[in-house]
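One structure is given here, and the rest of the page talks about it.
Rule-based calculations on the coordinates, nothing more; no lab input. Since the model is a prediction, treat every value here as computed from it, not as a measurement. Every residue, glycine as well, gets a Cβ built from its backbone with ideal geometry; the counts of neighbours run over all protein chains shown.
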Amino acid sequence: MSAATATHDHHGEHAHDHSHDHHEIGFWRKYIFSTDHKTIGIQYGLSGLVFLLFGFFLMMVMRWTIAYPGVPMPGMVALGNLPLVGGFFTEWVDQWAPGGIVSPALYNMFGAMHGTIMVFFGIVPLGFAAFGNFVMPLQIGTIDMAFPRLNMLSYWFFFISGVIMFGSFLLPTGAVQTGWTMYSPLAETDQMGVKNVWMHGHTWWLLAMVFNISASLLGSVNFITTAINLRAKGLTWFRLPFFTWAMMVISFLLLLAFPPLEVAALLQLGDRVFGSSFYLPTGLMEGGAKLDIAGGGNPLLYQHLFWFLAHPEVYVLILPAFAIVSDVIPCNARRPLWGYKAMVYALLTLAFLSFIVWAHHMYLTGMGTMMSTFFQITTVLISIPSVILLTCLMITLWGGSIRFNAQMLFATAFLPMFGIGGLTGLPLAFNFIDLFLHDTYYVIGHFHYVVAPGTIFALFAGVYHWYPKITGRYMSDLLGKIHFWPSLIFMNMIFGPMLYQGMIGFHRRWYDGGKYFEQITSGHLWTNELISFGAWGLALSQVPFILNVFLSIKGGKKCTSDNPWGATTIEWAAPNLPPHGNFITEPVAYRGPYEYSVPGMERDYLPQFELEATTPVPAVPSSQAHF
Amino acid sequence: MSADNHEDLQQHVQKYKKIGWLLAIFTVITVALSFWELPTHGLNIIVGMIVAAFKASLVGLIFMHLNHERSLIYKVLVFTLVFVIGLFVLTYYSHEHPLVFKDFDGYTSGH
Amino acid sequence: MDIPYTTTNRPDTGLYNAKIGIWLFLASEVMLFGGLFSSYIFLRIGADFHWPVHELQVLPGFINTLVLILSSVTVVMAWANLKMRKIAQYKLCMWITILCAGVFMCLKAYEYYGKFNHIGVKLTDGTILTGHFPEGGYRVKLEEGTKVTINLKTGDPSYFLKWVTTENPKFKNAAGEDVLLDQQGSVMSLLDVFLPGDWDKSSFGQLKRTMAEAKKTSVELTAVTPLTIVAKESKTFGHTGKTITFRDGTIVEGRAVEDKMTLQVDKVDVRAALDEEKSLAWHYLGDEWKKAFEEHGTEEAEKHKSFDKNDERFLRHVKQMEIHAPTVAEHNAKHGGAKHSAETHAPAEGAHGAEGHGSHYPEVVLERKDIGFWSSFTPKWNNYYAIYFTLTGLHGLHVVAGALVLAYFLLFDGKRLKEDPEHLANRIEVGGLFWHFVDLVWIFLFPLLYLL
């Protein structure tokens, strides 16, 4: 591979070319209002990480009151001593956590916002928008997204939606308190005492969601168009890396599933602001008084529209994980992805089925038995493609010479963690079991196994894997391992006991952790404390990761090559710190994406972008530079 | 459509005008049909929707050039339509035992 | 470094970027309106009220359909003309398209306006009366001593004073001092921010400042004079007889001396009445109207005798009647012949919005105890109007957005027209595709909402 000097040559050349071809872009255009997919990807990534961390903090406050109901939370009152913002916090804490004791309202608020932020502001932006934006155009060998300005707009819509969502914490009403699902009619009568309808946490939630949805739609249109029309020469459909396939499929899910949620949000906004009663049945009472509404609506409509999005959304949460892992595992096992085509077809089937399983969230709504049966069948069916994906990844490991670096540890840990998440979901697919487990901690344990140790581990793997391309330096592998092992232990310490709690009958919305329901919970309350300690331990074990991300920008070991992991996909053909326009020469795909350990070759990998095994990546830009 | 030459386009323009008139005529028919009361109102709705679907297909096929488009676009649209129909049908049938138990008698005695 | 395939097609897919993009976007739009249409189906199947059929004026909807068809033809012709480089014709077609969008929105605004000013009242026995407020709002007269609580964070007196029709209302604060309130309340509080100090001690601004110092969030005033309030329901959160809560958070609380609704009735609907013979409508409208209604019913029943007596359409014709005639006598004189069938299908609101203040309609004064629920024909009235406003409002937004995009191509893309007309043609094609989609949605909306 090219030596350190060659790499430097790249940069020298590119800097020269850059100033030659374009006029210098100012700071604002370059870093803030950038149309470059890589900058936007990084913007999404950083915002996503911040949101993820914030959502995690909300959860830790909740875990305190679950473990120690009625005990003042340490540090809560001390917020008032902070410089500058202290005065504000004193007031806020007085309102929501008087004396540092978390109030039920605050618990509900944090519960609702934890779900919202993690799903719509944490994982989707990080997994789909950040990795998709940064990696996907590089991986298909193009210079940028098909619509760069729409891409920028997408990020700024997302940003506005984040500002509105966070602003709602500061409203006199506080943020929304009705769970992330916002079920009507509870969600509509909630905060009704507030007369100015536009100043509700709930109304702000709906507005923020409208912006968030618009951002997702712009993003997904852009992703699909780019993947279809801007692929490099020779990159046929079945030479696309699995990552790109997954991004394309996720885009379709977002594109087609989000609009019904927009409808749900608009109708709920209508109910709250314009007095309609889409979701409000006739004769609804609130606090002993009949509401001044026409009635005639049906809460079931909300749930249909909501879950029509929210089930495909589950796959939007998990598919980026599969996307990343299926690039990381072959690369570090030095084996081709086993059953690549089967995986692609499984992915497409999964996406299709994910649209017709939504009502398995609604078994308890009194929906017809015919519908229940239909949705049970589709729900059980959808486990087949999921198992195909997981099995292919596991077989890929078979007989490989595995490098257990940080990203590979996370990627391999993803497999059993997702496995547990998926298998614990099977019982929930049947309505007779769901009857007992619905709204218990079992459900919480199940889907957190899928998204927390599942998706988030894969996202970590992605960060460690592509960090060299983003910064030109490695992250510390030692810190990575110090990050991994405690994370794995604490994740299981949190979510394992939840499955047990759920089977006892712990309800997911208990503010006091079930102290009040002694006949159910007595003798089991210690699990609450165990889980809470797990959560705080998990928080501590993220410290090495945060340090690693920021310190490695300047202090990490420099990469000596553009392809530090010996990977085969096209993004590694671009120089580290890819310039605006990405590639020095137009990349061409000569073969499939996973040519590792090709028999009879000296080197154990054969990149897509190399004509012959011996041809190095061209170091000198040709006349076609910046095609 | 982009490769069309001058004469073809000229012919297309004539075709667009004709389709415009056809759409206007069918709008009149839609209005007239709605005042003609068929045995059930459900039939009226079905007939009205058939006419509307016909008009919509004229717009889609001729104005939006779907009569000769690339397969990729058909694929996208077919999937979308499948999901929309799924949304219609499945929400429709979930009214089998809606929250307002209209058939409560049948529910208790019949089963 | 330009993005490839903005003008030319990629050979293997045969498409340029924007065309893929717009079709994907339209696919998501199909899901958006698909979700709304499925909500429509769901609400209509589950409706526990008589779903309105032929209740909207057909004419504006019909004209709007033709207008949109015309604009669809012109936008595709604009594209073809640009392809043939007939620039003048291209521009003409674009102008017609944008003009059509304007006409469409104007008609829409006219329809909306009629509904905002048209009132429906559901009496406690289920009878529905519709009509207009002769004074433009619901009137309540409150005794002196009425308590007015103004929320300092969200409101000021200028808001509720707009709806007080009493001349020179006087108020006292908690300490018993006179407080000057006038329509300039909001200006005062603005001045208060910019000119702190001693500019008007007896003002609301001063009071507000004192309250802020005392960390109070609201000001309580007591009316010295009786207050008459005529408020549109869109400005309040409803009346409970004693309390009126305004949208800005101001709460007016007192004993109502007068709490009755004056309504010019334009339609009686007894379909949901417990007992149509003893419907409260006749209590208010009198026996002559009852007679007229019965005659109208017999006549309609004769015309629709092929229908089952419980058929929704039979009830629609027989059990409701529009009241048009200047006087009962004239109405009785006129009835017979084709008059009634025209009436039944005649527009229920909209057109009457303008004439509502004439003496064409019998005026009744309804007691509060007889009013079950009332609202203007906004989303609040019933779910049919709710979905009507949602669907047409969202469609209207699409019309505006599409017209803005097309206007941008027409007015601000001159450079591209000169230098790269092929690229502009692609843009027009893409904009046109969106425009056709908007037309296509209307093709379904029109029969679903206006006709069926």
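Could you compute the longest span of chain A free of GluC sites (Glu not before Pro) located in DSSP loops and having at most 15 other Cβ atoms within 10 Å, not counting the site residues?
Longest stretch, sites excluded: A:25-601.
Quick check: the distance between the Cα centres of the range A:418-440 and the range C:391-419, to the nearest angstrom?
Going from one Cα centre to the other spans 49 Å.
In whole Hz, what ³J(HN,Hα) sequence does the range C:218-228 give by Karplus (6.51, -1.76, 1.60; θ = phi - 60°), x for Gly and Pro?
Coupling constants for the range C:218-228: 9, 10, 10, 10, 10, 6, 8, 9, x, 10, 10 Hz.
Determine the equivalent ellipsoid of the range C:44-105 by diagonalising the alpha-carbon gyration tensor, then write out the semi-axes as square roots of 5 times the eigenvalues, largest first, rounded to whole Å.
Sorted largest first and rounded, they come to 37, 12, 7 Å.
Please state the shape class of the range C:1-134: rounded when a/c is under 1.5, otherwise prolate if a/b exceeds b/c and oblate if not, all from the C-alpha gyration tensor.
Here the range C:1-134 falls in the oblate category.
Provide the net charge surrounding C:Val53, with neighbours chosen by a C-beta distance below 11 Å and charges set as Lys +1, Arg +1, Asp -1, Glu -1.
Neighbour charge sum, excluding C:Val53 itself: 0.
Calculate the mean, over all residues of peptide C:386-396, of how many other protein chain Cβ atoms lie within 10 angstrom of the residue's Cβ.
The mean count of partner-chain Cβ atoms within 10 Å per residue comes to 3.
Could you let me know the centre-to-centre spacing of the range A:248-284 and the range A:479-500, using Cα atoms, in angstrom?
36
If you plug each phi of the range C:164-175 into the Karplus form 6.51 cos²θ - 1.76 cosθ + 1.60 with θ = phi - 60°, what whole-Hz ³J(HN,Hα) values come out, in order, with x for Gly and Pro?
Coupling constants for the range C:164-175: 8, 9, 4, 7, 6, x, 10, 9, 10, 8, 4, 7 Hz.
Residue by residue through A:280-286, how many Cβ atoms from other chains fall within 10 Å of the Cβ on average?
Partner Cβ neighbours, averaged per residue: 1.
Along each of the three principal axes of the Cα atoms of chain A, give the extent in whole Å, ordering the values from largest to smallest.
80, 52, 45
For the range A:295-397, what relative contact order do you get, as a whole percent, if you take Cα pairs closer than 8 Å and at least 6 residues apart?
Averaging sequence separation for qualifying contacts and normalising by length gives 40 percent for the range A:295-397.
Alpha carbon centre of the range C:1-31 versus the range A:74-132: separation in Å?
42
Over the Cα atoms, compute the radius of gyration (one decimal) and Dmax (the largest Cα-Cα distance, rounded to a whole number) for the range A:424-510, in Å.
Taking only Cα atoms of the range A:424-510, I get Rg and Dmax of 17.1, 54 Å.
What net charge is computed for the residues neighbouring A:Leu347, neighbours being all others with C-beta under 15 Å from the C-beta of A:Leu347, Lys and Arg scored +1, Asp and Glu -1?
Residues near A:Leu347 contribute 0 overall.
So which GluC sites (Glu not before Pro) in the range C:97-153 are both in a DSSP loop and have at most 12 other Cβ atoms within 10 Å of their Cβ?
Loop-located and lightly packed - C:Glu135.
In the range A:178-316, how does Rg compare with the Kirkwood Rh, expressed as the Rg/Rh ratio over alpha carbon atoms?
Reported Rg/Rh, Kirkwood definition of Rh: 1.14.
Strictly greater than 14 Å: what percent of every Cα pair in the range A:335-391 meets that?
Across the range A:335-391, Cα pairs with separations above 14 Å total 57 percent.
Sequence-distant or interchain residues sharing an amide H contact under 5 Å with C:Ser376, placed H: which?
Amide H neighbours of C:Ser376, under 5 Å, 5+ apart: C:Gly120.
Step by step: find N for the range A:179-234, compute 2.2 N^0.38 Å, then divide the Cα radius of gyration by it. What's the final number?
Dividing the Cα Rg of the range A:179-234 by 2.2 N^0.38 Å gives 1.83.
Which whole number gives the average, over all residues in A:294-307, of C-beta atoms from other chains lying within 10 Å of the residue C-beta?
That average works out to 6.
Do the alpha carbons of any pairs in B:Lys55/C:Lys380; C:Lys260/C:Lys319; C:Lys232/C:Lys291 sit beyond 30 Å of each other, and which pairs?
B:Lys55/C:Lys380; C:Lys232/C:Lys291
Which value, in nm² and rounded to one decimal, describes the direction-averaged projected area of the C-alpha convex hull of the range A:41-86?
Projected area, direction-averaged: 4.3 nm².
What value in Å³ per residue do you get for the convex hull of the alpha-carbon atoms in the protein assembly as shown?
206
Give the long-range amide H neighbours of A:Thr282: residues separated by 5 or more places, or on another chain, with amide H under 5 Å away, using H modelled in the peptide plane at 1.01 Å from N.
A:Gly296, A:Gly297
With just the Cα atoms of the range C:61-158, tell me how far they stretch along each of the three principal axes, in Å, largest first.
77, 41, 20
Looking at the range C:367-422, what % of the alpha carbon pairs are farther apart than 18 Å?
Tail of P(r) above 18 Å: 61 percent of Cα pairs.
Counting only complete DSSP H runs, which helices of chain A cover 24 Å or more along their long axis at the Cα atoms and score a mean Kyte-Doolittle of 1.6 or above?
Helices meeting the span and hydropathy rule in chain A are A:369-397.
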